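**Student:** Here it is, the structure, as structure tokens.
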Amino acid sequence: MSIEIRSVSKLFATFNALIDVSLTVPSGELVALLGPSGSGKTTLLRIIAGLESPDLGSILFNGEEATNRHVRERQVGFVFQHYALFRHMTVFDNVAFGLNVRPRKFRPSKAEIREKVHGLLKLVQLDSLAGRYPAQLSGGQRQRVALARALAVEPQVLLLDEPFGALDAKVRVELRRWLRRLHDEIHVTSVFVTHDQDEALEVADRVVVMNEGRIEQVGTPEEVYDRPANPFVYNFLGNVNLFHGRVDKGEARIGDISINLPEFEETDAGPAVAYVRPYDIEINRLRHSPEEIEAQIRFIQGAGAVARLELERLDTLEMIEAEMTRERYRELGLVEGEKVFLRPRNMRVFLGDYNI
Amino acid sequence: MEIPVELKHHKTISAGHKGLTEPLLVRWLLTGVALIFLSLFLFVPLTALFTQAFEKGAGAYFAAIREPDALSAVRLTLLTAAISVPLNLVFGVAAAWAIAKFQFPGKSLLITLIDLPFSVSPVISGLIYVLLFGLQGWLGPWLDLHDIKIIFAVPGIVLATIFVTFPFIARELIPLMQAQGNDEEEAALVLGAKGLQTFFRVTLPNIKWGLTYGVILCNARAMGEFGAVSVVSGHIRGFTNTIPLHVEILYNEYNYAAAFAVASLLACLALVTLVAKSIVEWKLKVSN
């Protein structure tokens, strides 16, 4: 089932949760709503589910108006951040709940329900725990039960509200990969909310980056990461170094570096900022060109697959973050306090005088 | 290089002393004070009560209880409880549900009103009804016209009891339901459950021990209420006397043995209530 969100706004007295948000989710797609706290992503999810209603705008399922449909008639499955399992029911009864509350006419027989529930529990690899109570399960197990429960009623849309937020790091990574595989098998239109960019980039078909009630960018994980539409997206999806400079008629001057930027041909002279990822900062012991920036290494974190360095520019005293592979780090044999030369590769220039 | 180490001898710490408990003497003192308190206000009066009740022998004890006026007092007490407790149950659950799960204008006013019977003296509670329904009250003439008796009759007693036992169930449930949150109910709705289904399958099982606790307290107060009921009752023997009122009458007639005999019924109720309360408290702790 496809979802269309048309100009939805949710306004409160003191702040605006959503401001004129529009989005289309084609049938079968797995979309991530990514953003910081207060960006409106959970509000949007709950509006799609019918747990909250928009002040303006409409929601359409398969092209049909659904804004005023009651939550139980929307055929959506919802997975809560804190599982919301029925604490006094066994795992089996939790998963069977949606089927048990159906009106007699549409309710499957006891045998059919049992078969379906065990099938789902096998799918989430918890069949042996059918008789346990939620309190006896681990966080990861509870979340899988919650997922099985949501899938039991064969929803057309699956909505997940920070599903792995309450779990620890390893379990989170395992479960999100598992969710991706599940989606590949079942192909249910899914929308999940997260503030973890790694999760969004790894799991989703498309990522919707939100901030302060608005959508900043929609695209595939590659698109939003490699071609961020604006500084917010760039900064949210990874670490960033800022280099201040100016742009004038197609030429950007960032410090001693000159770049030809045809997209700014028409722009009058004004301030600009170049954004550079830490792994795009090249470090050399000897100066190769007049453009390079001299800096002093203040801090090195050499453990792990990637070595992280913090350097202080000698001209502006600004801090620069750099990353390099273990091999390169060993190769260079850098130590704290050393003076080196930096060259930013691959800059992304935005107009204005942004400060993050 | 050798560094000389100086060992300072600290006061030896008595065995069993952990950093967080009070020294033994203080613990004994506090426990002792609590025991003395309990004895003075609980054990001694209870012993005195049962001793006095059986002063004239077991025969007189049972006669006092089987006496027609005493029996009708027992019946009236039971009737009052049988009406007030279920009504307050329904109201308490409804109010707690509304307060815990929804935002609506007047919510804080409702919470204040629920607490009102606790802050008002029971005598005043009874007086309110007299002022409202009594012959000289606001609705008095209208009631008299239609020959409806509220004050100095059973309806008045029931009303007054409902008022004073109002808050027990609601106050027990509100924090419980607030702590449990809305997630489970929302999950049930999304899965297709209707309102009542959600209530009976999800909400009620979660609040059952809190509810039981509230009902036990509500019942104890409903059966034992004196002040408010005394004002509206009229003390008509055999008709508008509850057990507490009957005890008062017997006592005023210097019929101490009978008074204590009937009072022992309430004392037994109190003991049963305490036991039930402890069991439910234990269950509440276990289920959390």
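**Student:** Looking only at A:Lys41, A:Lys122, A:Lys170, which one moves most when chain A is put into a Gaussian network model with springs between Cα atoms under 10 Å?
**Tutor:** Among A:Lys41, A:Lys122, A:Lys170, the largest mean-square fluctuation in the Gaussian network model of chain A belongs to A:Lys170.
**Student:** What do you get for the angle between helix B:24-38 and the principal long axis of chain B? Use alpha-carbon atoms, 0 to 90 degrees, nearest ten.
**Tutor:** The angle comes out near 10 degrees.
**Student:** Note down the nm distance, to one decimal, between modelled labels 7 Å out along Cα→Cβ at A:Gln136 and at B:Phe62.
**Tutor:** 5.0
**Student:** Of the DSSP beta bridges with both residues in the protein assembly as shown, give the percent that are antiparallel, rounding to the nearest 5. All intermediate terms of the calculation are to be shown ahead of the outcome.
**Tutor:** Numbers: 57 of 75 bridges.
About 75 percent, rounded to the nearest 5.
**Student:** Tell me the carbon and sulfur percent of the accessible area for the stretch B:114-273, rounded to whole percent, probe radius 1.4 Å.
**Tutor:** In the stretch B:114-273, the share of accessible area belonging to carbon and sulfur is 69 percent.
**Student:** Can you work out the FRET efficiency for the pair A:Asp196 and B:Ile111, with r the C-beta to C-beta distance and R0 = 35 Å, to the nearest 0.05?
**Tutor:** Numbers: r = 39 Å, r/R0 = 1.11.
So, using R0 = 35 Å, E works out to roughly 0.35.
**Student:** Oh, and also: Ignoring ligands, DNA and RNA, please state the percent of accessible area on the stretch A:113-220 from carbon and sulfur, probe 1.4 Å. Kindly include the intermediate steps, with their values, before the conclusion.
**Tutor:** Details: 2050 of 4630 Å².
Reported share for carbon and sulfur atoms: 44 percent.
**Student:** Next question. How much net charge surrounds A:Glu331 when only other residues with a Cβ under 15 Å from its Cβ are counted (Lys, Arg +1; Asp, Glu -1)?
**Tutor:** Values: positive: A:Arg285, A:Arg326, A:Arg328, A:Arg330; negative: A:Glu282, A:Glu323, A:Glu327, A:Glu338.
After counting each charged neighbour, the total is 0.
**Student:** How shielded is B:190-200 by partner chains, expressed as the average number of their Cβ atoms within 10 Å of its Cβ atoms? Write out the running numbers ahead of the final one.
**Tutor:** Values: counts 19, 18, 15, 6, 4, 1, 0, 4, 2, 0, 0.
Counting other chains' Cβ atoms within 10 Å and averaging over B:190-200 gives 6.
**Student:** Once every DSSP H run of n ≥ 4 in chain A is given -39500 (n - 2.57) and the sum is divided by its residues, what mean residue ellipticity at 222 nm do you get, rounded to the nearest 500 deg cm²/dmol? Write down the numbers at each step before the final one.
**Tutor:** On the way: 9 runs with 91 residues, N = 356.
Result for chain A, helices only: -7500 deg cm²/dmol.
**Student:** Nearest 100 Å², what total accessible surface is buried between chain B and chain A (probe 1.4 Å)?
**Tutor:** On the way: alone 18100 and 17820 Å², together 34050 Å².
That pair of chains buries around 1900 Å² in total.
**Student:** Hey, if you put +1 on the Cβ of every Lys and Arg and -1 on every Asp and Glu Cβ in chain B, which of B:Val26, B:Ser264, B:Leu145 ends up farthest toward the positive end of that dipole?
**Tutor:** B:Val26
**Student:** So, with +1 on the Cβ of K and R and -1 on the Cβ of D and E, and no other charges, what is the size of the charge dipole of the stretch B:26-160 about its Cα centre, to the nearest 20 debye? Display every interim value, and only then the final one.
**Tutor:** Working: 7 positive and 6 negative charges, 90 e Å.
Here the stretch B:26-160 has a charge dipole of around 440 debye.
**Student:** Does the stretch B:33-101 come out rounded, prolate or oblate by the C-alpha gyration tensor, with a ≥ b ≥ c the root eigenvalues, rounded set by a/c under 1.5 and, if not, prolate when a/b is larger than b/c and oblate if not?
**Tutor:** Numbers: a/c = 7.24, a/b = 1.45, b/c = 5.00.
Oblate.
**Student:** Among A:Thr220, A:Thr90, A:Thr325, which one moves the most in a GNM of chain A with springs linking Cα atoms closer than 10 Å?
**Tutor:** A:Thr325
**Student:** Same structure, new question: Give me the Kirkwood hydrodynamic radius of the protein assembly as shown in Å, from all C-alpha pairs, to one decimal place?
**Tutor:** Numbers: mean 1/r = 0.0314 Å⁻¹.
About 31.9 Å, per the Kirkwood formula over Cα pairs.
**Student:** Per residue and in Å³, how big is the convex hull formed by the alpha-carbon atoms of chain B?
**Tutor:** Values: hull volume 72.8 nm³, N = 288.
That works out to 253 Å³ per residue.
**Student:** Bin width 5 Å, origin at 0, all Cα-Cα pairs of the stretch A:32-150: what percent of pairs per bin?
**Tutor:** Here the calculated profile for the stretch A:32-150 is 2, 10, 17, 18, 16, 16, 12, 6, 2, 0.
**Student:** Follow-up. Could you work out the mean count of beta carbons from other protein chains within 10 Å of each residue's beta carbon in A:64-72?
**Tutor:** Values: counts 0, 0, 0, 0, 0, 0, 2, 5, 10.
Mean partner-chain Cβ count within 10 Å for A:64-72: 2.
**Student:** Please work out the C-alpha center-to-center distance from the stretch A:1-69 to the stretch B:120-166 and express it in whole Å.
**Tutor:** Computed from Cα coordinates, the inter-centre distance equals 54 Å.
**Student:** Measure nothing fancy, just the Cα-based angle from helix B:154-180's long axis to the longest principal axis of chain B, in degrees from 0 to 90, nearest 10.
**Tutor:** Helix B:154-180 sits roughly 30 degrees off the main axis of chain B.
**Student:** Same structure again: Counting Lys +1, Arg +1, Asp -1, Glu -1, what net charge surrounds A:Asp198 among other residues with beta carbon under 11 Å of its beta carbon?
**Tutor:** Working: positive: A:Arg172, A:Arg176; negative: A:Asp196, A:Glu199, A:Glu202.
Charge balance in the 11 Å sphere: -1.
**Student:** With everything on Cα atoms, drop me the angle between helix B:243-252 and the longest principal axis of chain B, reported from 0 to 90° to the nearest 10.
**Tutor:** 80
**Student:** Additional query: Can you tell me the dipole magnitude for the stretch A:258-356 around its Cα centre, using point charges on the Cβ only (Lys, Arg +1; Asp, Glu -1), in Debye to the nearest 20? Intermediate results must be reported in sequence, preceding the final value.
**Tutor:** Values: 13 positive and 20 negative charges, 121 e Å.
Its charge dipole is roughly 580 debye.
**Student:** With +1 on each Lys and Arg Cβ and -1 on each Asp and Glu Cβ, how big is the dipole of the protein assembly as shown about its Cα centre, in debye rounded to the nearest 20? Walk me through the numbers before you get to the answer.
**Tutor:** Values: 64 positive and 70 negative charges, 627 e Å.
Here the protein assembly as shown has a charge dipole of around 3020 debye.
**Student:** Determine the per residue accessible area of the stretch B:183-272 with all protein chains present and a 1.4 angstrom probe, expressed in square angstrom.
**Tutor:** Working: 3460 Å² over 90 residues.
About 38 Å² of surface per residue is accessible.
**Student:** Looking only at B:Trp97, B:Trp209, B:Trp28, which one moves most when chain B is put into a Gaussian network model with springs between Cα atoms under 10 Å?
**Tutor:** B:Trp28
**Student:** Let me ask you something else. Report the semi-axes of the equivalent ellipsoid for the stretch B:89-158 in whole Å, largest first, where each axis is √(5λ) for an eigenvalue λ of the Cα gyration tensor.
**Tutor:** Values: eigenvalues 187, 38, 28 Å².
Largest first, the stretch B:89-158 gives 31, 14, 12 Å.
**Student:** Same structure again: What is the average number of partner chain Cβ atoms found within 10 Å of a Cβ in A:81-87? Intermediate results must be reported in sequence, preceding the final value.
**Tutor:** On the way: counts 1, 2, 3, 10, 3, 8, 7.
Partner-chain Cβ atoms within 10 Å, mean over residues of A:81-87: 5.
**Student:** Let me ask something else about it. Bin width 20 Å, origin at 0, all Cα-Cα pairs of chain A: what percent of pairs per bin?
**Tutor:** 25, 45, 25, 5, 0
The values are calculated or read from the model by the stated rules, or taken from the named source; none is laboratory data. Just so it is clear, the structure is predicted and the values come from calculations on it, not from any experiment. Note that each Cβ is placed from the backbone with ideal geometry, even for glycine, and that neighbours are counted across all protein chains shown. Note: accessible area is taken over every heavy atom of the protein model, side chains too, but ligands, DNA and RNA are not part of it. Shrake-Rupley method; radii C 1.70, N 1.55, O 1.52, S 1.80 Å.
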